[in-house]
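Quick notes on the structure that follows.
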Amino acid sequence: MTRSLNEAHEATATLTSLLQTQELVRRIVARLLHVDVMAVDAAIDAGLAELGEHLRVDRAYVFVVNGSTMRNTHEWCASGIRPEIENLQALPNSAFSFWMDELGQGNAVLISDVAALPDHRESEREILAAQDILSLVVVPMFSLGVLVGFVGFDAVRTHRTFNTGEVNLLRSMADGVTAVLVSRKAEANALRSEAKLAALTRHASDYVIVFGERGVPDYVSPSLHRFGVEQVVAEHGWQALLHPDDRPNVQSRIDELLRNKPGGVARLPDCRLQNAQQGWRWIAGTLSDFRADPAIRGLLLNAHDITERKIIEGRLVEQTYMDSSRNRAVEDA
């Protein structure tokens, strides 16, 4: 009877601990998913520390796979445990071929005794032993079906066997870490694209505008700044600068692009833009649909000034009309 009661108490204690850990992981992942992109590293470090302390492991860490190597990007160590992150920045994947195969199939890697690893995993055993690791568990991080890294725990002071519940909780943590790292990478790529676009257009005479379906620009090239109408554009969209007679033709072209699948390109009708001096400049160019491009997500207007050409064309038309009138006058005489 006493034994049954003890077993029941142990089962209850185990369940209570598991539920507490689940709640902790839920809070950590929730914070990760709502963290500002500039605070991602600090949030991951804090999450590893909370989970590592709660589960009483000696190290908690994140590795990112990059081509044929892997590197330790985040590490928490318990008090008295030597950090290893500086020594783990370019490990060859080939030294952990067993891990790569298992993680690539979505499996966790559990090692209860590093010293007992077989000879065909000797390189792995040597790297782990150099870090004083006795036992460990790592779970994969996937993005779009591709292995991008892993999250793990080390036991250094005593051997440890990680149970299924702990492995599943570590998987939840891995999902949260993956989400924020992928989000940060996407934002970094977008910022690099924007910086590249700015560099390409900074000294160009062409006009470049990236705008959404409401016409409000996300990007305006420096060559357009001299128009001095930023406030109007920000509030009403760049089409507010168009001459009233030209707006219907331009809007019709934009609407046509929006109705079609992303990726189309259309010629921009010759049109007039107003500057701060209430003058008009003629432009011609193209509209390109980049709504499906994560770095742009909008329509791209690329145009150049054709005012001088329009003036010359007007003079030629006027001269032709004058010559024609003069010829008719001679014929009538």
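A284's amide H: which non-local residues (gap 5+, or another chain) put their own amide H closer than 5 Å, with H modeled 1.01 Å from N in plane and none for Pro or chain starts?
H304, I306
Taking 51 Å as R0, compute the FRET efficiency from the Cβ-Cβ separation of V265 and A116 and round it to 0.05.
Details: r = 63 Å, r/R0 = 1.23.
Using R0 = 51 Å, I get an efficiency of 0.20.
What list of ³J(HN,Hα) values in whole Hz, one per residue of the stretch 247-260 in order, does the Karplus curve 6.51 cos²θ - 1.76 cosθ + 1.60 (θ = phi - 60°) give from phi, with Gly and Pro shown as x?
4, x, 5, 5, 5, 4, 5, 5, 4, 5, 5, 5, 6, 8
Suppose each label sits 7 Å from its Cα in the direction of the beta carbon; what would the V216-A129 distance come out to in nanometres?
6.3 nm
Along the stretch 101-109, what does the Karplus equation 6.51 cos²θ - 1.76 cosθ + 1.60 (θ = phi - 60°) give for ³J(HN,Hα), rounded to whole Hz, x for Gly and Pro?
Computed from phi, the couplings for the stretch 101-109 are 5, 5, 5, x, 8, x, 8, 7, 10 Hz.
Taking R0 as 45 Å, what's the FRET efficiency between L316 and V182 from their Cβ-Cβ distance, rounded to 0.05?
Calculated transfer efficiency: 0.20.
Rounded to the nearest 0.05, what FRET efficiency do E235 and T286 give with R0 = 30 Å and r taken as the Cβ-Cβ distance? Could you check?
After rounding to 0.05, the efficiency reads 0.70.
Which value results for Rg/Rh of the stretch 45-122 when Rg is the Cα radius of gyration and Rh the Kirkwood radius based on the inverse mean 1/r?
Taking Rh as the inverse mean 1/r over Cα pairs, Rg/Rh reads 0.97.
Sorted by average packing, counted as other Cβ atoms within 10 angstrom per residue and highest first, what order do 249-259, 265-275 take?
Highest to lowest by the protection proxy: 265-275, 249-259.
Using a 7 Å offset from the Cα along the Cα-to-Cβ direction at both S143 and E256, what is the distance between the two label points in nm, to one decimal?
Result for the modelled spin labels: 3.9 nm.
Ordered by packing density, taken as the mean number of other Cβ atoms within 10 Å over each peptide's residues, highest first, how do 121-130, 299-308 rank? Provide the component values of the computation, followed by the final result.
Working: 121-130: 15.1, 299-308: 17.8.
Highest-to-lowest ranking by the protection proxy: 299-308, 121-130.
Here, each number is a calculation from the coordinates, and none is a lab measurement. Owing to the predicted nature of the structure, the values given are computational and were not obtained by experimental measurement. Cβ coordinates were reconstructed from backbone atoms using ideal geometry, including for glycine residues, and neighbour counts include every protein chain displayed.
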